[in-house]
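A short worksheet on the structure shown next.
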Amino acid sequence: GQQVMQIPQYQHVQEGEDFTTYCNSSTTLSNIQWYKQRPGGHPVFLIQLVKSGEVKKQKRLTFQFGEAKKNSSLHITATQTTDVGTYFCAGKKYNFNKFYFGSGTKLNVKP
Amino acid sequence: DTEVTQTPKHLVMGMTNKKSLKCEQHMGHRAMYWYKQKAKKPPELMFVYSYEKLSINESVPSRFSPECPNSSLLNLHLHALQPEDSALYLCASSQEERTTGIGYTFGSGTRLTVV
């Protein structure tokens, strides 16, 4: 079954609006990674979170790892058309040497 | 060189054909991966090689046969595929199988169509 759930499936925003995607796991994760895949492209690594409650920022992107290490979020402030793509989280469980990709959130930004 | 190179970019093959997908990286990464991605779906792990040894096989059918000739190369041999095997096949690499915080580097993929 699905190891890592991600919502929403799709999000359409006007340029300048904010966007958030959420990732949830039924089990505690050792760490979580975020990837962006542009239409017709391949996943590109954005960031990894390891510590409980960790928050990391990359310009307009803010990544959070929940206190229980079962959920994570990616927030984009003031979206731009260059943010278009599908955002995937990928969670790794303890003692498992593989990442489970979430179902992804497809972001469309209208200019 | 910070790229993973995959060839061919596109492949159309019949169900009786034998073909191979190739993946190459020169970043010194010791873990390499094959993923399969269907349209509008997340990548699904197929195989993991760590230090040139098969580490994980996600119960992939035997018509897919991976090979790691050396630390820079990863192949996926295809034989007697079915139309439902049509997908984007992604190769990825990382420093080690145990994550080091830099994440996976993905190639641009081979878009496979089985007819």
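All of the numbers you see were taken from the coordinates with simple rules; none came from a lab. Keep in mind that what you see is a predicted model, and the values were worked out from it rather than measured. Glycine gets a Cβ as well: all are built from the backbone with ideal geometry, and neighbour counts include every protein chain shown.
Separation of segment A:1-58 and segment B:11-30, taken as the distance between their Cα centroids, equals 29 angstrom. Whole-Hz Karplus values for segment B:104-109 come out as 8, 9, 9, x, 7, x Hz, taken residue by residue from phi with 6.51 cos²θ - 1.76 cosθ + 1.60 and θ = phi - 60°; glycine and proline positions read x. Note: relative contact order over chain A, using C-alpha pairs below 8 Å and six or more positions apart, is 37 percent. Counting only other chain Cβ atoms within 10 Å of each residue's Cβ, the peptide A:87-97 averages 2. Pairs over the 29 Å Cα-Cα cut-off, from the set A:LYS70/A:LYS110; B:LYS18/B:LYS38; A:LYS110/B:LYS22: A:LYS70/A:LYS110; A:LYS110/B:LYS22. Inter-chain neighbour count for B:104-115: the average number of beta-carbon atoms from partner chains within 10 Å of each residue's beta-carbon is 2.
With the highest mean first, a sort of the peptides B:81-87, B:27-33 on other beta-carbon atoms found within 10 angstrom per residue produces B:27-33, B:81-87. In order along segment A:75-81, the phi-based Karplus estimate (6.51 cos²θ - 1.76 cosθ + 1.60, θ = phi - 60°) of 3J(HN,Hα) comes to 10, 10, 8, 6, 4, 10, 4 Hz; Gly and Pro are listed as x.
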